[in-house]
Amino acid sequence: MASFETKPTGSGKEIALLVGVLLLVAAGTIGTYWVRTQGAEASGDTPRGRVTAPAPTATESDVVHVDVYFDFKSTRLKADTVRLLQEKAARMDRGSTWAVLVQGYADSQGPAEYNKRLAQQRADAVRQFLVELGVPESSVKTVTIGQEGALCDEPSKECQQLNRRVHLEIHKLTRAAAAPVAPALTVGDVLQTSAGRGADRP
């Protein structure tokens, strides 16, 4: 009686080797992806597929400081103040983004609370006039400082006149140019082009 010996079609070593190769490829893909994402976070690069708008910034050359002055106990804009504010508002082109800080001051004559209120009314008068001139209302902020921000402590008329003022900081904000987001290829990605597909066909 003849005996037949059957040979296995694949050995355990070959299967183990194949599984090992597949695991190495998978580990390499995961490792490459992890290294790339960590490198992007460390360098501050924007991850693939996410675009963030750059924050507005102001350079020193884009900041204008202006002082306008008021009469004693007055919140009325003087003629020279009106002309100055008209000039500054005309230079604020509507195609740019602006931020205007209006700071109200007062002299040291009279009660501190009264002077604080007077400083606020002066700042509000300047702010309202700028809005009427076309400056966006959301771009203009007011701060009341009052007599605490006095430039001069002498009781002379000239000194006290310097303290009855509104100071403006006009900032032109510019957006930094956004870097184009280029999609990064990772292991496993397939780059297809119409020319490539046509060339590969028999």
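Extension gain, L133 to L22: 0.36 nm times the residue separation minus the Cα-Cα distance gives 32.9 nm. Computed over the alpha carbons of the stretch 56-175, Rg followed by Dmax gives 14.6, 46 Å.
Estimated at 0.36 nm per residue, the fully extended path between C159 and S74 surpasses their Cα-Cα distance by 29.0 nm.
Provide the packing ranking of 99-107, 78-86, i.e. peptides ordered by the mean count of other C-beta atoms within 10 Å per residue, highest first. All intermediate terms of the calculation are to be shown ahead of the outcome.
Values: 99-107: 23.0, 78-86: 13.8.
Ranked by mean Cβ neighbours within 10 Å, highest first: 99-107, 78-86.
Only the coordinates and a few stated rules stand behind these numbers; no lab work does. Note that the coordinates shown come from a computational prediction; the quantities given were computed from them, not determined experimentally. Neighbour counts run over all protein chains shown; Cβ positions are idealised from the backbone, glycine included.
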